[in-house]
1. Taking Cα pairs under 8 Å and at least six residues apart, what relative contact order does the chain come out at, in percent?
2. About the Cα centre of the stretch 37-160, what is the dipole size in debye to 20, counting +1 per Lys and Arg Cβ and -1 per Asp and Glu Cβ, all else neutral?
3. Taking only protein heavy atoms into account and a 1.4 Å probe, give the accessible area per residue of the chain in Å².
4. When Lys and Arg each count +1 and Asp and Glu each count -1, what net charge do the other residues less than 10 Å away from GLY90, Cβ to Cβ, add up to?
5. Calculate the spin-label point distance for GLU79 paired with LYS137, positioning each point 7 Å from the Cα along the beta-carbon direction, and give it in nanometres.
6. Let me understand the stretch 235-293 better: what is its radius of gyration from the alpha carbons, and its Dmax, in angstrom?
7. How about the stretch 138-225: which trypsin sites (Lys or Arg not before Pro) there are in a DSSP loop, with at most 13 other Cβ atoms within 10 Å of their Cβ?
8. Can you flag which of LYS23/LYS197; LYS123/LYS156; LYS123/LYS287 are past 28 Å Cα-Cα?
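The values are calculated or read from the model by the stated rules, or taken from the named source; none is laboratory data. The model shown is predicted, which means the values in this text are computed figures rather than measured ones. When we count neighbours, we look across all protein chains shown, and the Cβ atoms used for this are built from the backbone with ideal geometry, even at glycine. The area values use the complete protein model at the heavy-atom level, side chains included, leaving out ligands, DNA and RNA. Shrake-Rupley method; radii C 1.70, N 1.55, O 1.52, S 1.80 Å.
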Amino acid sequence: GHAGSLSTALEALAQNPTPETLKAAQNAWVTARSSWEQSECFAFGPADSLGYDGQLDTWPINDTDLKKVLDDTTALTPESVEKLQDSQKGFHVIEYILFGDAKNKALETFTPREYEYLQALGKDFSRVATALATSWKQGADGQPAYREVIAKAGEKDNSTYPTVQAGAEEIVNGMADSLDEVANEKLGAPFTEKDPKGLESRFSQNTLADIKHNLQGAKNVYLGSFPDANTSGMGLNTHIAKVNPELDTKLKSQFEAASAALEKVSTPLETSLTEASAATAIQDAQKALETLHQTVRTEVLPIVAGASL
């Protein structure tokens, strides 16, 4: 998948550093990021219990941890990177080395050590992403496939989700948590503090795209569709529309409103965050995301929790 493509692109850059291989590696990072941020509602289960989320997406990262690795002379291999702290690997370490502090990394400033690090980081990233996908599709560590565990909520012997409601609640909570994080941590806090350093993907100036993909991910869950992969199935909306059609309509329009509000924010957010002219648009987007979060938390969750699904 995209993690494998990222690893391949980092390898190509390290073996043959040109403006083209650098651009290709940066593009591969952005593509992998888009898929990952759309899966943010599924940060429960193996992503959490087996530590995959932390290994792939720890943030913030700090210069001291990175400098330690870059100044060291021990060989960097996928095995040695696997043993590093989460803050020394994953998305944002790769991002920082590839893009520099503000999407301004010049090819001639890369060091041999950075190329060595990038290659090992890419392989480790691909290994963890594959393990996470496997844990959902086939099962890991002697556990059944997690998608089966959640799909079979309420069946006998399902100790994780003894009732259908428990499974549905997990999904709605995942969605609400993601929307809360987007509205209040990813966008709200940096805006209130007027500090671009609080923006998660600021090295690549990709934070606004992250936020849009988080919103898309929540919408995918609600509608049971994943446009990027051309798949669709049963969504929460089917049940909500039966029980409370007005709520279904309201949610769909709140998704659209949040999406439209984000489109009005000028890119990159890393620059517009502190511009007076962009303040209203950012505030409106934050409010729209928070409204959606509240609707999911206070109106959808009780229906699902109490429902006879």
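1. 20 percent.
2. For this selection, approximately 280 debye.
3. On a per-residue basis, 47 Å².
4. Result for the local shell: -4.
5. Reported label-point gap for LYS137 and GLU79 is 2.7 nm.
6. Gyration radius and largest Cα-Cα distance of the stretch 235-293: 14.6, 45 Å.
7. For trypsin sites (Lys or Arg not before Pro) across the stretch 138-225 that sit outside H, G, I, E and B with at most 13 neighbouring Cβ atoms in 10 Å, the list reads LYS156, LYS194.
8. Too far apart for the 28 Å limit: LYS123/LYS156; LYS123/LYS287.
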